[in-house]
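Below is one structure, written out as structure tokens; comments come after it.
The values are calculated or read from the model by the stated rules, or taken from the named source; none is laboratory data. Bear in mind that the values here come from a model prediction, so they are computed numbers and not experimental data. Here the Cβ positions follow ideal geometry from the backbone for every residue, glycine too, while neighbour counts run over all protein chains shown.
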Amino acid sequence: GHRPPRALRTLTGHRESVGAVAFSPDGRTLASGGDDRTVRLWNVAGSVRAHPAVRMLKGHEQPVRTVAFSPDGERVASGGDDETVRLWDVADPAHARAWGQPLTGHTGSVSSVAFAPDGSTLASAGFDLTARLWTLDADEAAAGVCARSRGVLTPAEWRVRLPQVPYEAPCGGG
């Protein structure tokens, strides 16, 4: 009486090999990452018939090697051969989009990403023989920048570090 497992559904759409998959915490969405440099979100709830990807997320410049959902299911982290970790807002998968800027610092392919159970920290590991911890709490990140810069971040430095954000005097400066 043992029956071999069979595929419930085949998800197609990536143009090159797929090397990473992760389910959302509620099991309704699947994220996949591939050599085509995309992360795709799939609605896997309900019917067993194949569905096209709900959303294709572009931003990686090289193959995607790893994907993970945050514990609340509202973010996906991805890492790849472009040595970056990217975060995606997937609270509404049909309107998913990049969340913040790419996290840089690895000097080799990013092979693994994982969220802390409370979602406030992201870990990444790479072929550069490092594991990195990233705070996702904006107040904690700002406090760290203020501590390291002694509260001084000039408008010129701001433009270099945060070109997409209008200048605001940081660290309680005026």
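What to note about this one:
- Residue in region 33-44 that is in contact with a Lys or Arg (Cβ under 6 Å, 6 or more places away or on another chain) and either under 13 Å from PRO93 (Cα atoms) or of a type in the set (Phe, Trp, Tyr) (or both) present: yes
- Filter pass, THR154 being of a type in the set (Ser, Thr, Tyr), modelled with pLDDT under 90 and surrounded by 14 or more Cβ atoms within 10 Å (Cβ to Cβ): no
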